[in-house]
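Right, one structure below, let's go through it.
Coordinate-derived values only; no laboratory data. Bear in mind that the values here come from a model prediction, so they are computed numbers and not experimental data. So basically every Cβ, Gly included, is an ideal-geometry build from the backbone, and we count neighbours across all protein chains shown.
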């Protein structure tokens, strides 16, 4: 059982990371914003402030950049420096493939915001797809930073499918935390019955 859940978690994380990269590029294409247009016009937001505390925000020649390192597998596990260079200027300004397989992205504040917003939108889409599609979920709500998911089910107990879904929620929270500078935060999943009473709670720290 533990082996199955571990494999599921890895697959979910890889899917989420790949989807996020594609979503960020799509957001860039939609807005038409390029690196040269992204300067200091953006108002400071909590996410940027958090990243700045960690030393991941730098100002170069009057332009503020966010440096974000993501684990191996973000681009499907087979990205090359040539591939990253070819896409530079679209969803990000530049990217460096590190020796351990991780990728360090250099993004303007606008590009970074597009990436964060795109991933949040992809999470919302996934959660919506879980309502009435092979799951007993009737409602799924979350807090602003995706560290708490409150799920209402149509049954008096939590089924296997809904329980396993918690691992997807853990990944969503962990990935959003990585992009927003709040890595390592615990993700909690609460299950509520049809009458609104709490049935069960799951916590990512117990994995």
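Starting from the Cα of residue 94, step 7 Å along the direction of its Cβ; do the same at residue 195; then give the gap between the two resulting points in nm.
6.3
What FRET efficiency comes out for residue 131 versus residue 85 if R0 is 35 angstrom and r is the Cβ-Cβ distance? Round to the nearest 0.05.
E(calc), rounded to 0.05, equals 0.30.
Mind ordering 162-175, 124-137, 194-207 by average Cβ neighbours within 10 Å, highest first? If you can, show how the numbers build up before the last one.
Values: 162-175: 22.3, 124-137: 14.4, 194-207: 12.3.
Highest mean packing first, the order is 162-175, 124-137, 194-207.
Relative contact order for the stretch 130-206: what is it in percent, counting Cα pairs under 8 Å that are at least 6 residues apart?
30
For the pair residue 49/residue 143, report the inter-label distance in nm, with labels modelled 7 Å from Cα in the Cβ direction.
1.7
Using Cβ counts within 10 Å as a stand-in for footprinting exposure, how do 152, 104, 59 rank, fewest first?
In order of increasing Cβ crowding within 10 Å: 59, 104, 152.
May I have the convex hull volume per residue, in Å³, for the Cα set of the stretch 121-207? Before the final figure, lay out each step's value.
Values: hull volume 7.1 nm³, N = 87.
Convex hull volume per residue, Cα atoms: 81 Å³.
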